[in-house]
Each structure stands twice: as C-alpha cells, then as structure tokens.
1. Among ASP62, ASP73, ASP90, determine the one that fluctuates most according to a GNM of the chain built with springs between C-alpha atoms less than 10 Å apart.
2. How large is the accessible surface of SER71 in square angstrom, using a 1.4 angstrom probe and rounding to the nearest 10?
3. Given THR31, GLY8, ALA92, which one lies farthest toward the positive end of the charge dipole of the chain, if we put +1 on the Cβ of every Lys and Arg and -1 on the Cβ of every Asp and Glu?
4. Choose one answer from ALA106, ALA98, ALA33: the residue with the largest mean-square fluctuation in a GNM of the chain with alpha-carbon springs under 10 Å.
5. Give me the percent of the accessible area of the chain that comes from carbon and sulfur atoms, probe 1.4 Å, all protein chains in place.
6. Cα centroids of the range 1-61 and the range 75-123: how far apart, whole angstrom?
7. With only Lys, Arg, Asp and Glu charged, each at its Cβ (+1 for the first two, -1 for the last two), find how big the charge dipole of the chain is about the Cα centre; round to the nearest 20 debye.
8. Which log10 I(q)/I(0) values does the range 80-123 give at q = 0.15, 0.18, 0.32 Å⁻¹ under the Debye formula, counting every alpha carbon as one identical point scatterer?
Amino acid sequence: QVQLVESGGGLVQAGGSLRLSCVASGRAISTYAVGWFRQAPGKEREFVSAASTTGVIKYYADSVKGRFTISRDNAKNTVYLQLNRLKPEDTAVYYCAARRAATSQAPADYLYWGQGTQVTVSS
C-alpha cells in the first residue's frame with residue numbers, strides 16, 4: 001500500500017509563502033486522488049484542497065481559494081500545496097491523504113495519510 005510523507009512546513013510571517021510536498025512510496029501516486037487537510041489544536045480536521053489522479057480537477061476550501069494551489073507530479077510520486085499570502089488563521093498541522101477513488105472533501109473518505117507537517121504563521 002502507499003505511504004505518504006509530508007515536508008516543507010515552517011514558521012513564516014503573515015503574507016509569506018510556503019510550499020508543502022507529499023512524497024508517496026510503495027505505490028504509484030498516479031492511481032490515487034489526493035487531498036490536503038489541516039488541523040489546529042482543539043479543532044476538527046478540515047478540508048483544504050484536493051486533486052484528481054491527473055491533477056486536472058481541483059477543489060479548494062472557501063477559506064483558501066485564490067491563495068493556495070494544489071498540484072502533482074505523478075512521475076516523481078509527489079503532490080504539492082503552494083501556500084501564498086498566508087494568514088495567522090492558516091496555522092495548523094497540514095496532512096496529505098490519498099484514496100483510490102474520485103476526489104472527496106471528507107477526511108473519513110481517505111484511507112492513506114501522512115504524518116503531517118506544521119505550518120505556523122505569525123502576525
């Protein structure tokens with residue numbers, strides 16, 4: 001089965017940018033729809049973005065539309081999330097996830113998860 005490892009998180013000032021990466025191993029990521037989710041302390045895990053197997057079909061939460069961009073390089077077994085114009089409310093642990101089905105915005109629909117990477121945005 002596929003294993004996922006996120007990286008690229010860090011501490012940035014409001015208005016800054018980060019690029020998160022999710023590298024898959026064990027299986028080709030090209031056969032999976034992927035999603036990005038985030039979870040802040042004391043809050044439920046929430047949907048951020050998702051992409052179809054080819055990356056042509058993409059979805060974004062209203063809170064990040066126009067600021068975040070999901071992309072994928074299936075040849076490198078890697079999925080990316082570009083975070084631009086970051087806000088303090090974007091602070092959370094960001095997770096990538098995968099499913100052998102169409103894209104979904106529900107965390108419970110994803111079977112495979114990475115360990116998460118921390119994004120902290122200061123004012």
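1. ASP62
2. 40 Å²
3. Towards the positive end, the residue furthest out is THR31.
4. ALA106
5. 50 percent
6. 3 Å
7. 220 debye
8. -0.48, -0.65, -1.15
The values are calculated or read from the model by the stated rules, or taken from the named source; none is laboratory data. Only a predicted model underlies this, so the values are computations on that prediction, with no experimental measurement involved. Positions of Cβ are generated from backbone atoms using ideal geometry, with glycine treated the same way; all protein chains shown enter the neighbour counts. Accessible surface is based on the protein model in full, side chains and every heavy atom, while ligands, DNA and RNA are left aside. Shrake-Rupley method; radii C 1.70, N 1.55, O 1.52, S 1.80 Å.
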